[in-house]
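Worksheet: one structure, shown below.
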Amino acid sequence: MSIPQKMRVLYGFHVLAVVACSNKRETAVKETLLFAEQAPYTLAAPAARYEGFGIAVKDSALSSYNAIFKYFEPKDTTRARVYRNLPSELFFRLPVTHLDQLSSKTTTGDTLKVTAVYTRPNAKLFEKTLFDLVSSSDTTAPTRAQQQAFEAFVKRAKQELQDTDTAFFWVVEGPHIVRVKSASEARDSVTRKAASDAVMKVFAGLVSNAAFSELAVKRYAYTPSDNVAGGINGFIDPGLQGWPTLPAEIYGDVHVACEARNREQAVGEVGYIILKNLSSHQRARVLCLWSGEQAQQWADIGPKSFRVRLVAATGRDSVVGPWTDINER
């Protein structure tokens with residue numbers, strides 16, 4: 001075989017290897033999208049207090065999910081967190097009704113960028129209903145009725161108003177999906193950032209002007225079988241600015257952070273303020289109760305002093321007010 005012939009053969013092998021590698025990576029993306037299209041999800045108990053219900057894969061689809069997880073699986077101690085959070089990530093960020101088109105190209109290095117065009121439920125209708133179904137402020141598992149309502153929503157969303165969206169996947173050798181971004185997500189993030197910045201300015205004014213009053217500490221005769229060890233109650237006035245009305249697309253959290261302290265030891269608790277339940281200048285009730293594990297921690301440290309402050313946040317941004325000490329009576 002002549003040298004030119006050998007070069008052509010080697011080049012051919014290289015092309016076939018690249019194509020085979022690309023095909024595997026495209027297949028990883030396609031399988032992920034088809035799993036997302038099936039949407040075999042149900043509600044699960046919150047992972048932590050005040051996080052809201054989780055989204056879990058139904059038992060019947062765990063085998064398929066485990067295969068998909070391999071495309072996202074990290075090699076470090078975050079594996080369990082990714083495994084638990086991935087169903088929510090897929091459903092929130094890739095609510096696929098139908099995969100329409102798939103294409104790919106090699107980018108910097110050996111990374112393959114796969115572009116998927118798909119039909120999805122209308123974002124405003126989908127996200128509002130989804131948030132209403134998963135939001136929860138306790139640690140209890142969802143009831144069967146709540147699970148059925150969620151599963152009915154999953155099916156109904158595919159029959160309601162639909163939009164076309166595009167998702168971009170960056171896939172490396174493995175195949176391993178290292179990044180996912182949708183066109184709607186990129187567009188909405190810009191809009192939401194502007195709205196979030198505006199809300200944070202309002203929150204800053206609220207935290208600066210709000211004032212606590214009639215704060216009192218309540219101690220209970222705590223034993224290990226009891227549920228509550230102590231609490232703080234009182235009121236907070238929003239000041240001249242009043243309580244804000246938030247845009248529908250922005251989730252804002254306003255709460256009172258409470259601390260029971262003994263020198264350098266402290267155990268915290270949170271009292272939430274539900275803005276939609278308040279008129280503009282209504283005085284809001286403050287209530288923090290140390291119960292369950294927090295009650296045991298209260299008993300362990302034997303608190304001698306107490307303080308509260310107002311916290312307002314949107315996403316990862318927050319503004320925090322100064323501590324107000326409570327004179328126990």
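At q = 0.14 Å⁻¹, work out log10 I(q)/I(0) for region 196-284 with the Debye formula, treating every Cα as an identical point scatterer and leaving solvent out; two decimals please.
Log-scaled intensity ratios, in q order: -0.63.
Hand me the GluC sites (Glu not before Pro) from region 259-329 located in a DSSP loop with no more than 11 other Cβ atoms within 10 Å, in residue order please.
Counting only loop positions with at most 11 other Cβ atoms within 10 Å, the GluC sites (Glu not before Pro) in region 259-329 are GLU264.
Return the subset of LYS24/LYS158; LYS30/LYS124; LYS128/LYS158; LYS70/LYS158 for which the Cα-Cα distance in this structure is over 23 Å, preserving the input order.
In this structure, LYS24/LYS158; LYS30/LYS124; LYS70/LYS158 lie more than 23 Å apart at Cα.
Pop out the carbon and sulfur fraction of the accessible area of region 244-290 as a percent, whole number, probe 1.4 Å.
Carbon plus sulfur share of accessible area: 48 percent.
In whole angstrom, how long is each semi-axis of the equivalent ellipsoid of the chain, when you take the square root of 5 times every eigenvalue of its Cα gyration tensor and sort them from largest down?
49, 23, 20
At a Förster distance of 35 Å, what's the computed FRET efficiency of ALA266 paired with GLU151, Cβ-Cβ distance as r, to 0.05?
0.25
Count charges around PHE150 for me, please; just the other residues with Cβ under 12 Å from its Cβ, Lys/Arg as +1, Asp/Glu as -1.
Here the count lands on +2.
Using a 10 angstrom cutoff on alpha carbons, build the Gaussian network for the chain and name the most mobile of THR245, THR166, THR32.
THR245
Can you tally the net charge around LYS304? Count Lys and Arg as +1, Asp and Glu as -1, for every other residue whose Cβ sits under 11 Å from the Cβ of LYS304.
Combined, the nearby Lys, Arg, Asp and Glu give +1.
Kindly state, as a whole number, the per residue volume in cubic angstrom of the convex hull around the alpha carbon atoms of region 152-240.
Dividing the Cα hull volume of region 152-240 by its residue count gives 311 Å³.
Considering only protein heavy atoms, what is the solvent-accessible area of PHE235 at a probe of 1.4 Å, reported in Å² to the nearest 10?
So the heavy atoms of PHE235 present about 40 Å² to solvent.
With an 8 Å Cα cut-off and a minimum separation of 6 or more residues, compute the relative contact order for region 187-329 in percent.
Contact order relative to length: 29 percent.
For the pair ASN327 and GLN101, what calculated FRET efficiency results from E = 1/(1 + (r/R0)^6), where r is the Cβ-Cβ distance and R0 = 56 Å, to the nearest 0.05?
E between GLN101 and ASN327, to the nearest 0.05, is 0.25.
On a 1.4 Å probe surface of the protein chains, which of SER213, SER196 comes out largest in accessible area, and what is the full order?
SER213, SER196
Please list the helices of the chain that count as membrane-span-like by this rule: a mean Kyte-Doolittle hydropathy of at least -0.5 together with Cα atoms stretching 27 Å or more along the helix axis, each helix being a complete DSSP H run.
Correct list, ordered by number: 3-38, 183-209.
Report the local net charge at GLU26: Lys and Arg +1, Asp and Glu -1, summed over other residues whose C-beta lies under 14 Å from its C-beta.
Around GLU26, the surrounding residues sum to +3.
Taking the Cα centre of the chain as origin and charging only Cβ (+1 Lys, Arg; -1 Asp, Glu), how large is the dipole, in debye to the nearest 20?
About 600 debye.
In region 127-223, what percent of the accessible surface is made up of carbon and sulfur (1.4 Å probe, ligands and nucleic acids excluded)?
Carbon and sulfur atoms account for 54 percent of the accessible area of region 127-223.
In square angstrom, what is the accessible area per residue of the chain with a 1.4 angstrom probe?
57 Å²
Please identify the GluC sites (Glu not before Pro) of region 36-140 that satisfy two criteria: DSSP loop assignment and at most 16 other Cβ atoms within 10 Å. Which are they?
GLU51
Past 26 Å, Cα to Cα: identify those pairs from LYS58/LYS113; LYS201/LYS304; LYS155/LYS181, in the order given.
From LYS58/LYS113; LYS201/LYS304; LYS155/LYS181, over 26 Å: LYS58/LYS113; LYS201/LYS304.
Do you know the relative contact order of the chain, to the nearest whole percent, from alpha carbon pairs under 8 angstrom that are 6+ apart?
14 percent
List the aspartates and glutamates whose Cα sits under 18 Å from the Cα of LYS75, skipping any in the same chain fewer than 8 residues away.
Reachable aspartates and glutamates: GLU173.
Would you please give the FRET efficiency between GLN162 and ASP132, computed as 1/(1 + (r/R0)^6) with r the Cβ-Cβ distance and R0 = 25 Å, to the nearest 0.05?
0.80
The values are calculated or read from the model by the stated rules, or taken from the named source; none is laboratory data. Every value quoted in this text rests on a predicted model; they were computed, and no experiment measured them. Quick reminder, even Gly has a Cβ in these numbers, built from the backbone with ideal geometry, and neighbours come from all protein chains shown. What goes into the accessible areas is simple: the full protein's heavy atoms, side chains included, and nothing from ligands, DNA or RNA. Shrake-Rupley method; radii C 1.70, N 1.55, O 1.52, S 1.80 Å.
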